[in-house]
Structure formats: C-alpha cells, structure tokens
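> Attaching a single structure in structure tokens format; questions to follow.
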Amino acid sequence: MQSFFYHILKVPSIYNKICAEIDAANSAGRLSDMISYQEAQQLPYFQAALKEAMRVRPAVGVNIARHVPTSGAEIDGQWYPGDTRVALNAWVLHQDKGVFGEDADVYRPERWLEGGEARAKAMDRHMYQVSFSNHIGFTTYRYHFFRMLTFP
C-alpha cells in the first residue's frame, strides 16, 4: 500500500484521475456507501493504479525458489535436471521491457489500459507477488487491500 499511496500522491494527475473515476461512478449510482470489492473491481483506472503499484514495488523482495520435478523439466527452452533449484525475483521480472514496455522503470497505470485485453492478461501473467502455490492467499490479500483503499 505504501507504493500505491506514494505514487498517486507524487503525481497529482494520477490522483486526480482516480478521484474523478470514483466520483463519476458514485454520481452514476454504481457505488454503495461502503464500496464493495466487486464495485472496486469496476473502476478500471483505480485497478490499473493498484496493479502498477504492485508491479513497481512487489511485496516479495527475495527470490522465490522452486525445485524442478525429479524427472526434470524444460523451462523457457532450457533443460533442467530433476531436483535443480530454480528461482525468480519479482523485482527483476517486473522490469522486463518485453512485457511491460520500454518505460518499465516508470510508474504509469495507463500501461494496464493500453493494448487491449490480451496485453493486460500477458502483464498479469508476469505479476509475481507471492508464491505461485498460494493463489488463495494472494486473492485474500488483494481483497483486503482493495477494501481498505476504497473505504470512505
């Protein structure tokens, strides 16, 4: 959350876009007094700003390691023998210019709204917030994170 607040407050135009989106949704009657998780999911710029904050400052700052199955595996064209330890660091992955664009080092929520649904899904697949074996934990984390940010 620190990353989210830091970035939106650092760049007033981003903060203003988020406020305008929330105000418009509220004026249109699409938000309840206590904004629900589902309602927050319908605020595309707000969601883009959250994803971008998690991208530029991932919660996990260390390598997340896995062991290759005993039978071995091919990963991205490279063969790894069984029980080899492989790791990935989110701070490195989230700076991949081939996935996130030439300005991957810049906080820019618009990247999540440009290029259509296929590009957004490709970027989502490269978001490495927590252990891949912990989807339930990540979903719970995101639920509480979004709820806290959308309380009046």
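The values are calculated or read from the model by the stated rules, or taken from the named source; none is laboratory data. On a predicted model such as this, the values are computed, not experimentally measured, just so you know. Ideal geometry is used to build each Cβ from the backbone, glycine not excepted, and the neighbour counts take in all protein chains shown.
> Can you tell me how many residues within segment 94-115 are crowded, with 16+ Cβ neighbours inside 10 Å and either basic (Lys, Arg) or under 30 Å from residue 70 (Cβ atoms) (or both)?
Qualifying residue count for the region: 2.
> Which helices (runs of 4 or more DSSP H) sit wholly inside segment 1-100 and have at least 3 residues that are closer than 22 Å to residue 115 by Cα and small (Gly, Ala, Ser)?
Working: elements: 2-10, 12-27, 37-41, 44-56, 90-93, 97-100.
Result: 44-56.
> Within segment 35-81, how many residues are of a type in the set (S, T, N, Q) and under 25 Å from residue 95 (Cβ atoms)?
Looking only at segment 35-81, we keep the residues that are of a type in the set (S, T, N, Q), and these are 36, 38, 41-42, 47, 63, 70-71, 78.
Retained after the next criterion (residues that are under 25 Å from residue 95 (Cβ atoms)): 47, 63, 78.
Matching residues across segment 35-81 total 3.
> Hey, does segment 102-115 have a residue that's more than 18 Å from the chain's Cα centre (by Cα), on the phi > 0 side of the Ramachandran plot and either in contact (Cβ under 8 Å) with a residue 40 or more places away in the chain or not in a helix (DSSP H, G or I) (or both)?
No, segment 102-115 contains no residue that is more than 18 Å from the chain's Cα centre (by Cα), on the phi > 0 side of the Ramachandran plot and either in contact (Cβ under 8 Å) with a residue 40 or more places away in the chain or not in a helix (DSSP H, G or I) (or both).
> Pick from 76, 83, 105: which is under 29 Å from residue 17 (Cβ atoms) and of a type in the set (Asp, Glu)? Explain how you work it out, then say what you get.
Working: 76 fails: under 29 Å from residue 17 (Cβ atoms); 83 fails: under 29 Å from residue 17 (Cβ atoms).
The unique qualifying residue is 105.
> Then there is this: How many of the residues in segment 47-59 are surrounded by fewer than 20 Cβ atoms within 10 Å (Cβ to Cβ) and more than 16 Å from residue 128 (Cα to Cα)?
Matching residues across segment 47-59 total 1.
> Taking the criterion of being modelled with pLDDT under 95, surrounded by 12 or more Cβ atoms within 10 Å (Cβ to Cβ), of a type in the set (A, V, I, L, M) and farther than 18 Å from residue 59 by Cα, would at least one residue in segment 121-142 satisfy it?
Taking every residue of segment 121-142 in turn, at least one turns out to be modelled with pLDDT under 95, surrounded by 12 or more Cβ atoms within 10 Å (Cβ to Cβ), of a type in the set (A, V, I, L, M) and farther than 18 Å from residue 59 by Cα.
> Pick from 44, 12: which is closer than 17 Å to residue 127 by Cβ, loosely packed, with under 14 Cβ neighbours inside 10 Å and at pLDDT 90 or above?
Among 44, 12, only 44 is closer than 17 Å to residue 127 by Cβ, loosely packed, with under 14 Cβ neighbours inside 10 Å and at pLDDT 90 or above.
> For residue 90, state whether it is within 17 Å of residue 123 (Cα to Cα), touching a strand residue (DSSP E or B) at 6+ places or on another chain (Cβ under 8 Å) and of a type outside the set (S, T, N, Q).
On the way: within 17 Å of residue 123 (Cα to Cα): yes; touching a strand residue (DSSP E or B) at 6+ places or on another chain (Cβ under 8 Å): yes; of a type outside the set (S, T, N, Q): yes.
Yes: the conditions hold for residue 90.
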